[in-house]
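Computed from the coordinates by the stated procedures, all read-outs in this text should not be read as laboratory data. Here the structure is a predicted model, which is why all the values come from computation and not from measurement. We place every Cβ from the backbone using ideal geometry, glycine too, and count neighbours over all the protein chains shown.
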Amino acid sequence: MFKKIYFLILLFLSSISNSYSNIEIKARTAILQDFLSGEILYEKDPDMQIYPASMTKIMTSIIAFDLIKSGNLSLDDKFIVSEKAWRLSTAGYSSMFIMVGDEVSVENLLHGIITASGNDACVALAEGIAGTEEEFAILMTAKAKELGMENTNFANSSGINDPDNYSTVRDILKMSRYLIQKHPDFYEWFSLLEFTWDRTGGDPITQGNRNPLLYKNMGADGIKTGYLAVEKYSLASSLIRNGRRLIAVGSGFETKNSRSRESSKLLTYGLTNFDLVEINKSSETIDKVDVWLGKENQVDVYVNEDIFKTIKKAKKNLLKVALKYEGPIEAPIKKDDVIGKFRVVYDEELIGEYDLLAAKDVDKVNIFTRLIKSLNYLIWGDV
């Protein structure tokens, strides 16, 4: 029996493109990503060092979320507010307005961080978790390295000005992806428009979310603003529309208005110039391939991961999706045996290759049947 190499084209789609910059975003540095495909749709100096300001609070929240998810922290746990935390509420910084000696729940501190952007809440949470803010910053930097944020270091929990608290928009994007992927329930808190804190010694304070995109009718649901005099205005933002999510990060916007306008423009650019195409759904059968000397003549094959590609609407070249394998495949076959490759080709260039797996076991026929099949093949060329 002679094997043949099969290269079966299954699908033709519009063309794909990777990184485009045919718009100008008025920021020092910016990046836009299609969430499901992971493809970068726009970038402007994405590895330039920035001071992340209050975007730092995304990581502060992540540390708490991770601990809650692992069972090492509860939303009902309460931390006592230190003088250090309280002083941030009296120094002109954005604050939750907690008081020295208050016992504040983790849940309220997190809302104070996410919605009110409270620097005081950041310090209270950091000290409650790690003992000191300095120790908490070590946890933050370690998590950043785990996420592949190679150009990031955290020196505090709030993002107040410190030359050792730095990052890049590419790294902030990685952090934002992790937040959305790993903590989808908590991520919903980033879309809340206001938070009311029943403070000690005064009337309750209601503060609105500082993210300007949440107040536009565009599907935005996060993430975090920032401002430092040395950095100007920044924003990590995300929207979801018809099941498709985009994430944008920009820094160095000159004004609040330009931050809102340019971030909206960047996200809208991604929606109007690109389509997201689902190439493969994990574990769904793609096709059948022939089997030699098996109790079944064919076996279903699949790829065990979701595959998405982002398609630029303006182009008309072909995206080809194909199977490549040497067949027929000789039995016995075990479920999840790698029997070939699932290939994604653009303009004759291979841009993705994935293992093609058997969907089930196929046993080998007995020796008598094998003899008959071999004779048939020799005489008739029939497998």
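Applying 1/(1 + (r/R0)^6) with R0 = 45 Å to the Cβ-Cβ distance of Leu192 and Lys335 gives a FRET efficiency near 0.50. The residues packed around Thr56, meaning those with a beta-carbon under 13 Å from its beta-carbon, carry a net charge of -2 if Lys and Arg are +1 and Asp and Glu are -1. Using θ = phi - 60° in the Karplus curve 6.51 cos²θ - 1.76 cosθ + 1.60, the 3J(HN,Hα) couplings for segment 210-217 round to 7, 6, x, 6, 5, 9, 9, 8 Hz; x is entered for Gly and Pro. Peptide packing: for 202-213, 223-234, the average count of neighbouring Cβ atoms within 10 Å per residue gives the ranking 223-234, 202-213, highest mean first. Amide H contacts of Met99: Thr200, each under 5 Å away and 5 or more positions distant or on a separate chain (H built 1.01 Å from N in the peptide plane; Pro and chain starts excluded). May I ask for the net charge around Lys265, where only other residues with Cβ less than 10 Å from the Cβ of Lys265 are counted and Lys, Arg are +1 while Asp, Glu are -1? Its environment carries a net charge of 0. For the pair segment 294-366 and segment 34-103, the centres of their Cα atoms are 43 angstrom apart. The charge dipole of the chain, taken about its Cα centre with unit charges on the Cβ atoms of Lys, Arg (+1), Asp and Glu (-1) only, comes to about 1400 debye. Each of Leu323, Leu125 has some number of other Cβ atoms within 10 Å of its Cβ, and from fewest to most they run Leu323, Leu125. Within the chain, antiparallel bridges make up roughly 95 percent of the DSSP beta bridges whose residues both belong there. Estimated from helical segments only, the mean residue ellipticity of the chain at 222 nm is -8500 deg cm²/dmol, where each DSSP H run of four or more residues counts as -39500 (n - 2.57).
Under 15 Å from the Cβ of Ile68, count the other residues' Cβ atoms, weight Lys and Arg +1, Asp and Glu -1, and hand me the total. Local net charge: -2.
From least to most packed, judged by other beta carbons within 10 angstrom and beginning with the fewest, Val338, Val299 follow the order Val338, Val299.
About the centre of its Cα atoms, segment 48-215 shows a dipole size close to 560 debye [charges on the beta carbon of Lys, Arg (+1) and Asp, Glu (-1) only; nearest 20 debye]. Here is what passes the span test in the chain: the DSSP H helices with alpha carbon length of 15 Å or more along the helix axis and a Kyte-Doolittle mean of 1.0 or above are 56-69. Look at Ile129, Ile240, Ile114 and count the other Cβ atoms within 10 Å of each Cβ; fewest to most, that gives Ile240, Ile129, Ile114.
Taking P(r) over Cα pairs in 20 Å bins from 0, in percent as the quantity of interest, determine which of [x] 25, 42, 23, 9, 1; [y] 24, 41, 27, 8, 0; [z] 27, 57, 16, 1 was computed from the displayed structure. Step by step, P(r) over Cα pairs in 20 Å bins from 0, in percent for this structure corresponds to label [x]. With a threshold of 20 Å on the Cα-Cα distance, the over-threshold entries among Lys26/Lys232; Lys26/Lys265; Lys288/Lys313; Lys309/Lys341; Lys265/Lys313 are Lys288/Lys313.
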